[in-house]
Amino acid sequence: MLPKIAANITYMEQIVIATGRFQTVHLGTVAYLSAAKKLAESDRCRFVVLTGPNDAELPIHGRKDHDSIILRRPLLFRERQVLLSVILGIVPEAILVQDSSPHHGPEGLTRWVERFFDPVVMHFGRQFDIGEKSSSTQVKLAVVIKASDVKTYIEGKDREHYTSYLLRKYPWLRVVDLATSIGLDEQAPVLGASEIPRNKVSRARFLPPVMIAAEAMIDDGMLLMDEKSIWILTSIYRRFGNQCMPTIEVMSYLKNLMA
């Protein structure tokens, strides 16, 4: 159970939601989620991360077209939950699994929209009101609107961002574009996962150390959800934080932890 933020705020008066697949947690991901977390803190409200698809849907929705260049298996929900919890410094319970994906045709998009708030409602129960006339719960969806996400999601329809479909279903939802609040670093520009190189050495300048270690651990056949894996990833984060680090330095420390 998440703690109360302030005594004068009702349990679910406000909430900030971030959402994504998070199959590759790159430095752009960190910048986005950190900005969303900061928005929640400045507004003194809840912060929840939704990540999909669920494990049963991974064979269908687990990858985008560009993910074919990544040879490792897709991350299970619990693994994404562990990674994001470590990197963001938030409790795992604030990271919830959602169904489907907006990037796999009309059926997947419709399912994603229809069930978008299901994990939040299931987690918080009656204290989260998403009725059409609801005024007690203010819901902000924090996004970074990228050009690659403005496209034709349904054949014959106009090019739109996927949030347009959410707004038609939930007109009371407030979408906050964090693009202008995220600074670009020359060494680690905010990019989509499709723009990250496949070569492990080249990838290092786009990934936080925890993700570099996670990919190596997966290649070694490990699951990122047991106590040892969580301890290793937490130790990596405590040593390097989210700063860009040479692969050789991260891998050397990882080797010592796994010995």
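Within segment 29-48, can you find the residues that are closer than 16 Å to Arg174 by Cα and buried (at least 22 other Cβ atoms within 10 Å of the Cβ)?
Listed by number, the residues that qualify are Ala36, Ala40, Arg46, Phe47, Val48.
What are the residues in segment 201-243 that are in a helix (DSSP H, G or I), without any contact (Cβ under 8 Å) to a residue 60 or more places away in the chain and among the small types (Gly, Ala, Ser), if any?
Result: Ser202, Ala204, Ala213, Ala216, Ser235.
If we scan segment 218-237, do we find a residue that is among the charged types (D, E, K, R), at pLDDT below 95 and surrounded by 13 or more Cβ atoms within 10 Å (Cβ to Cβ)?
The answer is no, given that none of the residues of segment 218-237 is among the charged types (D, E, K, R), at pLDDT below 95 and surrounded by 13 or more Cβ atoms within 10 Å (Cβ to Cβ).
Residue under question is Ala214, and the condition is that it be in contact with a Pro (Cβ under 8 Å, 6 or more places away or on another chain) and of a type in the set (A, V, I, L, M, F, W, C); does it hold?
Judged against the criteria, Ala214 is not a match.
Which residues, taken from segment 135-183, are more than 16 Å from Ile17 (Cβ to Cβ), of a type in the set (Lys, Arg) and out of contact with any Ser or Thr (no Cβ under 7 Å at 6 or more places or on another chain)?
Listed by number, the residues that qualify are Lys146, Lys151, Lys157, Arg168.
Need the failing condition index for His26 against (1) buried (at least 17 other Cβ atoms within 10 Å of the Cβ); (2) more than 12 Å from the chain's Cα centre (by Cα); (3) at pLDDT below 95, just the number.
Condition not satisfied by His26: (2).
The values are calculated or read from the model by the stated rules, or taken from the named source; none is laboratory data. This structure is a prediction, so every number in the text was calculated from the model and none was measured. Cβ coordinates were reconstructed from backbone atoms using ideal geometry, including for glycine residues, and neighbour counts include every protein chain displayed.
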